[in-house]
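Scroll down for the structure; my scribbles are underneath it.
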């Protein structure tokens with residue numbers, strides 16, 4: 001399978017998800033369909049050998065993967081169907097990835113799928129279509145520690161990769177920075193060419209971490225193109241990632 005998540009990490013998430021459902025089922029007024037499926041990240045076949053883009057969001061929206069069996073293979077297949085040659089035009093999340101792959105690899109994301117990966121900070125979703133920042137604590141807090149370990153596992157395998165976090169909110173401090181072993185972004189640099197872009201170069205593994213706003217927020221506030229251009233320019237400058 002093309003994923004940087006291990007069987008052990010998935011098994012831990014499965015235990016946590018089952019526990020959440022069990023706790024919710026003790027109150028018969030609760031709707032168990034609120035708990036979505038487990039997200040298994042995607043990694044292109046060339047990502048580990050040649051580097052590329054590892055694109056990180058917040059969490060999957062809505063009832064992602066909740067209708068099928070919660071096995072490693074089944075959950076992976078849900079993600080793979082979205083990534084492996086599929087085209088998603090409506091979401092600004094996918095439009096931003098498309099812009100990056102065109103600038104850095106010379107082609108749209110569905111044609112350069114072997115050179116990028118997709119992950120999320122939270123791995124167990126909330127089936128109601130609300131922003132993850134508004135999710136109830138009973139779905140977020142129980143998974144924090146496991147999500148930190150999952151993301152740390154993913155990032156530890158990457159080299160010469162542009163790692164872009166497309167999110168600015170509470171889960172940065174709860175999941176992202178702990179996975180990096182950092183308490184804050186004091187070591188990060190700020191680029192003034194685009195609102196909100198900050199970056200840090202991991203010299204040991206030659207990974208370039210970039211942190212920006214969610215692309216939909218950037219589009220609504222008029223700096224989607226600036227954030228995209230700045231990300232591509234930093235990648236070209238610091239990792240020499242370009243066509």
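The values are calculated or read from the model by the stated rules, or taken from the named source; none is laboratory data. On a predicted model such as this, the values are computed, not experimentally measured, just so you know. Cβ coordinates were reconstructed from backbone atoms using ideal geometry, including for glycine residues, and neighbour counts include every protein chain displayed.
Numerical summary
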| item | result |
| --- | --- |
| Test: residue 60 is in contact with a strand residue (DSSP E or B) (Cβ under 8 Å, 6 or more places away or on another chain), surrounded by 14 or more Cβ atoms within 10 Å (Cβ to Cβ) and free of Cβ contacts under 8 Å to residues at least 60 places away in the same chain | no |
| Residue that is under 14 Å from residue 3 (Cα atoms) and either surrounded by 19 or more Cβ atoms within 10 Å (Cβ to Cβ) or touching a strand residue (DSSP E or B) at 6+ places or on another chain (Cβ under 6 Å) (or both), where the choices are 109, 55 | 55 |
| Conditions (1) at pLDDT below 95; (2) within 30 Å of residue 24 (Cβ to Cβ); (3) in contact with a helix residue (DSSP H, G or I) (Cβ under 9 Å, 6 or more places away or on another chain); (4) in a loop (DSSP other than H, G, I, E, B); number of the one not met by residue 130 | (3) |
| Failed item, numbered, when residue 201 is tested on (1) in a strand (DSSP E or B); (2) surrounded by 22 or more Cβ atoms within 10 Å (Cβ to Cβ) | (2) |
| Every residue from the stretch 84-112 that is in contact (Cβ under 8 Å) with a residue 60 or more places away in the chain, part of a helix (DSSP H, G or I) and under 22 Å from residue 167 (Cα atoms) | 92, 93, 95, 96, 99, 100, 103, 104 |
| Selection status of residue 19, surrounded by fewer than 19 Cβ atoms within 10 Å (Cβ to Cβ), at pLDDT 90 or above and either farther than 20 Å from residue 154 by Cβ or over 21 Å from the mean Cα position of the chain (by Cα) (or both) | yes |
| Conditions (1) in a loop (DSSP other than H, G, I, E, B); (2) surrounded by 15 or more Cβ atoms within 10 Å (Cβ to Cβ); (3) at pLDDT 90 or above: number failed by residue 196 | (3) |
| Residue match in the stretch 87-98 (condition: surrounded by 14 or more Cβ atoms within 10 Å (Cβ to Cβ), more than 16 Å from the chain's Cα centre (by Cα) and modelled with pLDDT of 95 or more) | no |
| Hits in the stretch 207-233 (condition: touching a residue at least 60 places away in the same chain (Cβ under 8 Å) and under 24 Å from residue 157 (Cβ atoms)) | 231, 232 |
| Of all residues making up the stretch 148-172, the number that are out of contact with any strand residue (DSSP E or B) (no Cβ under 9 Å at 6 or more places or on another chain), part of a helix (DSSP H, G or I) and at pLDDT 95 or above | 5 |
